[in-house]
Amino acid sequence: DSGVTQTPKHLITATGQRVTLRCSPRSGDLSVYWYQQSLDQGLQFLIQYYNGEERAKGNILERFSAQQFPDLHSELNLSSLELGDSALYFCASSDRDIYNEQFFGPGTRLTVL
Amino acid sequence: SQKIEQNSEALNIQEGKTATLTCNYTNYSPAYLQWYRQDPGRGPVFLLLIRENEKEKRKERLKVTFDTTLKQSLFHITASQPADSATYLCALDIVAGNTGKLIFGQGTTLQVKP
């Protein structure tokens with residue numbers, strides 16, 4: 001158990017809908033990272049927050065947004081969902097903003113029908 | 001273009017042998033390189049981190065080498081066990097200013113047969 005929690009575990013929704021994925025980092029970790037993993041793309045970095053501020057961006061679509069709250073939990077919002085958004089979404093946390101190992105949560109499996 | 005390449009074919013070895021996995025990259029200058037293990041349907045688990053000025057790092061049965069001239073890292077598991085069967089991901093730690101992000105390879109699946 002990495003100490004990172006993610007909810008929900010599974011999410012099934014329809015195209016065009018909006019969903020929110022939630023992540024609670026390990027106690028004391030200030031950085032939260034979001035990743036998308038699909039069979040054809042592998043593990044893709046989406047975005048990083050450090051102590052409430054956006055720190056780095058990867059291949060995140062404009063339809064996706066995230067935030068980190070004062071209690072350090074983070075939410076990833078996915079809107080106008082498309083079939084291709086079906087994937088595993090992982091959250092990871094670390095105690096620093098760079099040069100660090102990351103602890104991954106169990107993931108949220110999103111299925112868009 | 002920037003690429004990270006790991007052998008996409010599964011690596012099948014006999015229990016007790018040494019497994020060697022390769023990670024090659026082009027057009028990146030990583031400060032660190034990390035290796036993770038991922039079991040089906042689960043999140044990656046950190047294994048080892050090696051800095052650009054380190055040639056080799058060990059942890060129990062695991063060994064990682066990092067050659068920045070060849071742009072290659074090798075990951076070794078000695079005395080492999082069936083429980084080592086999983087997908088292994090290499091990740092480049094790309095730092096720019098005060099931001100850093102991990103860029104993952106596609107992973108190599110290792111099967112250790114008893």
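Using only the C-alpha atoms, the convex hull of region A:13-64 corresponds to 112 Å³ per residue.
Under 11 Å from a label point set 7 Å out along the Cα-to-Cβ vector of B:Thr20, the amide N atoms of region B:72-97 belong to B:74-77. A straight Cα-to-Cα reach below 14 Å connects B:Lys57 with the aspartates and glutamates B:Asp67, residues fewer than 8 places away in its own chain not being considered.
Arrange B:Phe66, B:Phe46 by Cβ neighbour counts within 10 Å, fewest through most, would you?
Details: B:Phe66 22, B:Phe46 18.
Listing B:Phe66, B:Phe46 from fewest to most nearby Cβ atoms yields B:Phe46, B:Phe66.
Label-to-label distance, B:Lys3 versus B:Glu56, with points set 7 angstrom from Cα along the beta-carbon direction: 3.0 nm.
With semi-axes defined as the square roots of five times the eigenvalues of the C-alpha gyration tensor, the equivalent ellipsoid of chain A measures 22, 14, 13 Å, largest first.
Averaged over peptide A:39-45, the number of partner chain Cβ atoms lying within 10 Å of each residue's Cβ comes to 4.
Within region A:33-113, the chymotrypsin sites (Phe, Trp or Tyr not before Pro) that combine a DSSP coil assignment with at most 14 other C-beta atoms in a 10 angstrom radius are A:Tyr99. Reducing region A:1-30 and region B:39-85 to their Cα centroids gives an inter-centroid distance of 28 Å. Beyond 21 Å, the tail of the calculated P(r) for region B:49-114 holds 33 percent of the Cα pairs.
Run through region A:32-84 and list the GluC sites (Glu not before Pro) located in a DSSP loop whose Cβ has at most 11 other Cβ atoms within 10 Å.
A:Glu62
When the Cα atoms of chain B are aligned to their principal axes, the ranges along those axes come out at 47, 29, 22 Å in descending order. Computed on the Cα atoms alone, the convex hull of the protein assembly as shown gives a volume of 128 cubic angstrom per residue.
Every number in this text was worked out from the coordinates using simple rules, so none of it is lab data. Note that the structure is a prediction, hence the values are computed from the model and not measured. Heads up, the Cβs are rebuilt from the backbone with ideal geometry, glycines too, and the neighbour counts pull from every protein chain shown.
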